[in-house]
1. Is it the case that segment 163-171 has a residue that's hydrophobic (A, V, I, L, M, F, W, C) and modelled with pLDDT of 95 or more?
2. Mind listing whichever residues of segment 175-228 are basic (Lys, Arg), more than 30 Å from residue 34 (Cβ to Cβ) and surrounded by 10 or more Cβ atoms within 10 Å (Cβ to Cβ)?
3. Inspect all residues belonging to segment 39-60 and state whether any of them is exposed (fewer than 10 other Cβ atoms within 10 Å of the Cβ), in contact with a Lys or Arg (Cβ under 6 Å, 6 or more places away or on another chain), more than 30 Å from residue 8 (Cα to Cα) and not hydroxyl-bearing (Ser, Thr, Tyr).
4. Tell me yes or no: at least one residue of segment 6-25 is loosely packed, with under 10 Cβ neighbours inside 10 Å, under 24 Å from residue 128 (Cα atoms) and either within 29 Å of the chain's Cα centre (by Cα) or without any contact (Cβ under 8 Å) to a residue 24 or more places away in the chain (or both).
5. Working only within segment 102-111, note down all residues that are over 12 Å from the mean Cα position of the chain (by Cα) and surrounded by 13 or more Cβ atoms within 10 Å (Cβ to Cβ).
6. Among residues belonging to segment 5-27 that are in contact with a strand residue (DSSP E or B) (Cβ under 8 Å, 6 or more places away or on another chain) and assigned to a loop (DSSP other than H, G, I, E, B), point out the one that is farthest from residue 108 (Cα to Cα).
7. Please pick out the residue among 28, 24 that is out of contact with any Cys (no Cβ under 7 Å at 6 or more places or on another chain), modelled with pLDDT under 90 and of a type in the set (Ser, Thr, Tyr).
8. Could you check, for segment 189-204, whether at least one of its residues is more than 30 Å from residue 257 (Cα to Cα) and in a helix (DSSP H, G or I)?
Amino acid sequence: MAARAYWQGQIRLALVSIPVEIYSATKSGAQIAFHQIHQPSGKRVRYEKVVPGLGPVKPEDIVKGFEVSKGDYVLLDPDEIEAVKLESKKTLELTQFVDASEIDVLYYERPYYVVPADDLAEEAFIVLREALRRTKKVGLGQLAMRGREYIVSLKPCGRGMILETLRYADEVNRAQSYFREIEDAQPDTELLDLAEALIEKKSAPFKPDSFHDRYVDALERLIEKKKKAKGRRIIEDKDEAPASRGSNVIDLMAALKKSVGSAPQKDTAAPKKEPARKTPARKTPAKAPAKTTSRKRA
């Protein structure tokens, strides 16, 4: 693989150890990088690391320090930090297995691809991958990377596996503090039907490549205009004013109906049954009266 492994070590399940390599599954998208410029001179602003009373200092003279009291620091060299003994720096111990649905989406942070480190590790790697797939479970453990220990989850992904770093409980804000003021009520049935119809109308398979950063495109166009304008200010047309916050149910109903195109009116009342038509009984055709033969008198 051309890419450099983000982490190398082993996954351990009880007495089974599987050498693996981890690679970042994501990358930064297109961005417009701005620099800070001193406007009067047009020159870029640079930052220097300085010590009050001493001035600029050399990078090699800088170490990490933890402030134990005002102005008093415990100094640590990079080698001392690197030497901290932590088993999870080289081993991911799978200590628990859970259903994927048990992990709230808020806890997921960043994904990584996991591959076997060599051919010898491949058999055990495949066994673990398929066992997770068949049981529909996610493995949990802790892993130290780049100066921090993470909670991580492990699950199958095609021929390989995906490791995702998770946030700790104290890193997630409780939703209750934000949602407390929202009324606990059921919406109007007709409004809900319209909203469902609109969702169905706009439903389609997820295609990530159909989305792109339009803000980057807009900035690139602005930069081109600015180059041609030779310093003249360019202000794009302002967006339309946002809708008033005082919208009521009638406005919402009208907006939903317009969005759907045609409002599906669902008749909640049970349809009336038409009375069964009585089939008229067939009349038996009357028998013709017998013909009487008149005898002639002799």
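1. There is at least one residue in segment 163-171 that is hydrophobic (A, V, I, L, M, F, W, C) and modelled with pLDDT of 95 or more.
2. 201
3. No.
4. yes
5. Answer for segment 102-111, where residues must be over 12 Å from the mean Cα position of the chain (by Cα) and surrounded by 13 or more Cβ atoms within 10 Å (Cβ to Cβ): just 103.
6. Here the answer is 5.
7. Result of the check over 28, 24: 28.
8. No, segment 189-204 contains no residue that is more than 30 Å from residue 257 (Cα to Cα) and in a helix (DSSP H, G or I).
The values are calculated or read from the model by the stated rules, or taken from the named source; none is laboratory data. Note that the structure is a prediction, hence the values are computed from the model and not measured. All Cβ positions, glycine included, derive from the backbone under ideal geometry; neighbour counts span all protein chains shown.
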